1. For residues that are within 25 Å of Lys667 (Cα to Cα) and small (Gly, Ala, Ser), tally how many sit in region 584-615.
2. Identify the residue in region 279-332 that is more than 10 Å from the ligand (Cβ to nearest atom) and of a type in the set (Asp, Glu) and, among all such residues, is modelled with the lowest pLDDT.
3. Restricting attention to region 748-763, does a residue exist that is surrounded by fewer than 18 Cβ atoms within 10 Å (Cβ to Cβ) and in a strand (DSSP E or B)?
4. Limited to region 465-513, what total is found for residues that are over 25 Å from Ile324 (Cα atoms) and without any contact (Cβ under 8 Å) to a residue 40 or more places away in the chain?
5. Before we move on, is Met395 in a loop (DSSP other than H, G, I, E, B) and crowded, with 17+ Cβ neighbours inside 10 Å?
6. Pairs needed: first member in region 577-601, over 25 Å from Ala611 (Cα atoms); second member anywhere, charged (D, E, K, R) and in a loop (DSSP other than H, G, I, E, B); C-beta distance under 9 Å; at least 6 residues apart or different chains.
7. All but one of (1) closer than 30 Å to Asp479 by Cβ; (2) in contact with a helix residue (DSSP H, G or I) (Cβ under 9 Å, 6 or more places away or on another chain); (3) at pLDDT 85 or above hold for Leu533, so report the exception by its number.
8. Looking for whichever is over 60 Å from the mean Cα position of the chain (by Cα), at pLDDT 80 or above, assigned to a helix (DSSP H, G or I) and surrounded by 12 or more Cβ atoms within 10 Å (Cβ to Cβ) here; the options are Leu64, Leu51, Leu21, Leu44. Which one fits?
Amino acid sequence: MIKQHRIHELAKDMGLPSKDLMEIMEGKADLTKKHMSALDDEQLSYLFEKLTERNQLPNLDSYLEKKPVAKEAAKARPQKAAKPKKPKEKLQTVKLPVVQDPEAEKAAEEIAKQAKTLRHVETRAVDVNLDKFNEKYDRIAPQTPKTKNAVTKQKFTSRGRRGGFRGGKKVETEAQRLQRLRMENIKKTPLKVLIPDEITVGELAARMKMTAANIIKKLMGLGVMASISDTIDYDTAFLVASELGCAPEKEVVVTIEERLFEEEEDKNEDLVTRSPIVVVMGHVDHGKTSLLDAIRHASVTSTEAGGITQHIGAYKVKVGDGEITFLDTPGHEAFTAMRARGALMTDIAILVVAADDGIMPQTVEAINHAKAAGVSIIVAINKMDKPEANPDRVMQELTEYELVPEEWGGDVICVPVSAATKQGIDTLLEMVQLTADVKELKANPNRMAKGAVIEAKLDKGRGPVATVLVQNGTLHRGDVVIAGTAVGRVRAMTDENGRRLEEAGPATPVEITGLAEVPAAGDDFNAVENEKLARELVEKRRYQQKQEQFNSYQKVTLENLFSQIEQGESKELSIIVKADVQGSVEAVRQSLEKLSNDEVKVRVIHGAVGAITESDVMLAEASSAIIVGFNVRPDPLARNRAEEAGVDLRLYRVIYDAIEDVESAMKGMLAPKIREVDLGRAEIRQVYRISNVGAVAGCYVTEGKILRGAKIRVVRDGIIIADDELASLKRFKDDVKEVAQGYECGMSLQKFNDIKEGDFFEAYMMEEYRED
Ligand SMILES: Nc1nc2c(ncn2[C@@H]2O[C@H](COP(=O)(O)OP(=O)(O)OP(=O)(O)O)[C@@H](O)[C@H]2O)c(=O)[nH]1
């Protein structure tokens, strides 16, 4: 049943005349029954609407003061009075409890609820506790990385906090808070430390962001005594770092070479068979050149008609379906020189042995070079056309060098040939082909080319010209190549017949132009993508070369000074003078500098009072100087360093001695200082007189040892009766190098023969030494 509200009841409740209400509701409700007329909910709402419109409050404050209930709601709103109408309407609804009707109350509550949901919180002027949002934020993202993103994802911050103080306590700013969180995070995560194979203690300390003392202490704990400049190995450094709370990791150093060159292994499916690369070796005049010519001629006439044959250091010949690449640099010296530079190009070596001459010294050398390089050997027994040819003898001699011919059950192919008549050349080539087939030589043509330089020269017209052998990959015209310290773009590429090529695959020798300088034979070459990096690598290689050259420079010492002057290497003798008093320093400086002559200038580069220190030695090392000290000693560090670096360190008590030494060194007259070093003593227990040999003493070594060739003092009853040298030292019947204490031996002297039982031999030797 719908609840009806009669007008007179409502008027009574509101304290208004019924007439007023009827006026409002005129036209809206059926008012035929005057004040007894009933209103439904909708009409009632309309009535309230109208009434509140009429009864607007000029000032909300006055109302709030009167109505404590309404105050609560008002709290959340701005204190400003003259605010929009809406809040007032809502405020009016708070009055609803006046309506006694429970249904009306419900409706009023509903409206109030709506009003609540519509409430706007004006944060600009209100202080909101934002810390709870921040806490939540921390819970959600405690490990927020300290990146730029983290900054954009800022927490809510109250404007009111800008003052920095609240309740007397200093409140950290957002930046400080982030900084604190960052520091906490850093503290929690162990420091990542990269450790190379070897590292100095100082460097490790720097990387661990600790003092070196800490590291040294830890090292001591581990039983390693090291100073800040000492180098420790990876394992030790790893242990120290992890024990001190760091997270050590192996430092992987990526070299320019690794970045530049394609180093990955070729996949099996990418590999194709390539032709073998063959070199010819043998004794002088056994026919290496003639054989190479014969091979080349056979191939040129049959296949390459018309080409202008050029010498480029290597060529290809056709054999059946396949090809063989010959390196046209006969001789094992060239072969080994290239190998020494790291270029192992050859697969098969043809060992030429003249049938009339047999194995000769250079044949043996060639065998050993080929064996050392691990290449297969095929023996060509040459000059078979000669009547005195004796191949069996050659084969016989081969077996002495562990080369057993196939005919005799071994695995070495021997082919009788004649370079003169071309007999057997085809068979030889077939055998090379066969050996290559067995070796299954493969390469990947679809990668950047790499190989080695066979020959290189500077051509007047074309600039640097190099013959390179492509060992893997394919070289194209226009490729950037790096060979040793030469870099450049392949401008032109020709084969041994002078034909221009656009590309060269594996096992192809080609002559290229375009390099900026002449590389050395045996240098590796690589085609690369990154020209800039290649230039960087060249710079690095040049620097290394210089460094090696620099290291090979001999350190200047007074002993080698003269020879260096003679060779024109020393034009200046640098000296560091250290003395006990300043007067001596000056005196020495002047006297030494006066020794300068037309050939050599003597220059004192440093003079000071005090002991010789490590820094003096370092200066001497860097400037190839010698150190002269008067009445001063080097400290132990300096002494060690001088020994390591080969710095000549001379100590004198008399200035004159120093001047004399330097002067005689400049004239090449410096006499080496010699001292006696005792070796041992032996007692003579028996003397044998042997005709043609003389007296042989049967001795027992009582002290030290006796060395072959030692000097011997013969001591009888405490008196030296002779000074001689050992002629022989034997144990039983064998000559020996030395005999130690407690052993018997036989000794004879070079000159002195009058030895007797009970004499003593005192063995000693003379050694050159440097005064300290
Ligand atoms: N009868 C005959 N003579 C030959 C044969 N092969 C080479 N000769 C001769 O042997 C001599 C030396 O030949 P080379 O080819 O120069 O020998 P090589 O080993 O290259 O000599 P080097 O370059 O000096 O090390 C020459 O006079 C050749 O004519 C051959 O098969 N038969």
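1. We begin by selecting, within region 584-615, every residue within 25 Å of Lys667 (Cα to Cα); these are 584-607.
When the remaining residues are screened for being small (Gly, Ala, Ser), the result is 584, 587, 591, 596, 607.
Residues flagged as within 25 Å of Lys667 (Cα to Cα) and small (Gly, Ala, Ser) within region 584-615 amount to 5.
2. First pass over region 279-332, keeping only residues more than 10 Å from the ligand (Cβ to nearest atom): 279, 295-329, 332.
Restricting the remaining residues to those that are of a type in the set (Asp, Glu) gives 304, 321, 323, 328.
Working: Glu304: 43, Asp321: 82, Glu323: 89, Asp328: 76.
Ranking the candidates gives Glu304 first.
3. No, because not a single residue in region 748-763 is surrounded by fewer than 18 Cβ atoms within 10 Å (Cβ to Cβ) and in a strand (DSSP E or B).
4. Qualifying residue count, region 465-513: 3.
5. On the way: in a loop (DSSP other than H, G, I, E, B): no; crowded, with 17+ Cβ neighbours inside 10 Å: yes.
So Met395 fails the test.
6. Once the first residue is over 25 Å from Ala611 (Cα atoms) and sits in region 577-601, its partners that are charged (D, E, K, R) and in a loop (DSSP other than H, G, I, E, B) give Glu599/Lys571; Val600/Lys571; Lys601/Lys571.
7. In the conditions (1) closer than 30 Å to Asp479 by Cβ; (2) in contact with a helix residue (DSSP H, G or I) (Cβ under 9 Å, 6 or more places away or on another chain); (3) at pLDDT 85 or above, Leu533 misses (3) alone.
8. Details: Leu64 fails: at pLDDT 80 or above; Leu51 fails: at pLDDT 80 or above; Leu21 fails: at pLDDT 80 or above.
None of the other options fit; the residue is Leu44.
The values are calculated or read from the model by the stated rules, or taken from the named source; none is laboratory data. The structure displayed is predicted, hence computed values, not measured ones. Reconstructed Cβ throughout: ideal geometry from the backbone, glycine too, with neighbour counts over all protein chains shown.
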